[in-house]
1. Under the 0.36 nm per residue contour assumption, what length would be gained going from the current alpha-carbon distance of TRP6 and ALA98 to full extension?
2. How far is it, in nm, from the label point at ARG26 to the one at LEU49 when both lie 7 Å from their Cα along the line to the Cβ?
3. Expressed as a whole percent, how much of the Cα-Cα distance distribution for the chain exceeds 17 Å?
4. Using +1 at the Cβ of each Lys and Arg and -1 at the Cβ of each Asp and Glu in the chain, identify which of VAL91, HIS27, VAL17 lies farthest towards the dipole's positive end.
5. About the Cα centre of the chain, how large is the charge dipole given +1 on each Lys and Arg Cβ and -1 on each Asp and Glu Cβ? Please answer in debye to the nearest 20.
6. Please check: in the Gaussian network model of the chain (C-alpha springs, under 10 Å), which one of THR33, THR50, THR18 has the largest mean-square fluctuation.
7. For a quick check, take a GNM of the chain with Cα springs below 10 Å and name the residue from ALA73, ALA46, ALA88 with the largest mean-square fluctuation.
Amino acid sequence: MRNIIWQVSGYVAVSLVTVGVMVAFRHDTAMVTPGVWIRGSIVAAASLLTLLFAVRAVRGDRKMLLRLRLVTAIMLVALVVIASLPGAFPVWFRLEQALCALFLLPVAVQINRRSVTQA
């Protein structure tokens with residue numbers, strides 16, 4: 001279960017770097033649209049909550065494991081949808097959303113295994 005922390009940490013890192021890019025290029029309205037601001041901020045906040053849930057779940061907190069399972073499933077679907085919508089967001093942001101999904105996919109798979117849910 002420890003690798004879950006690393007994978008979620010990668011998700012957090014990518015999300016926070018994205019916020020930094022958004023701030024750095026805030027005057028480029030083609031690169032940082034209002035949708036990017038909203039979605040990027042939501043993903044960054046969700047990534048920090050996901051890390052909190054993961055740390056506590058690894059320590060054995062069952063409620064946090066349930067929350068982690070829910071958040072990773074919901075965010076994974078949302079990330080894939082955003083990454084696959086042509087024209088709704090700039091290409092760089094869609095690629096970032098896909099990268100975040102790649103970090104969350106193994107987490108979602110691992111925490112939903114029967115051995116984890118029974119333990």
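Where a number appears in this text, it was derived from the coordinates with a stated rule and is not lab data. Note that the coordinates shown come from a computational prediction; the quantities given were computed from them, not determined experimentally. Heads up, the Cβs are rebuilt from the backbone with ideal geometry, glycines too, and the neighbour counts pull from every protein chain shown.
1. Going from the current span to full extension adds 31.4 nm.
2. For ARG26 paired with LEU49, the spin-label model returns 2.4 nm.
3. Value for the chain: 52 percent of Cα pairs lie more than 17 Å apart.
4. So the residue we want is VAL17.
5. 600 debye
6. In the Gaussian network model the winner is THR33.
7. ALA88
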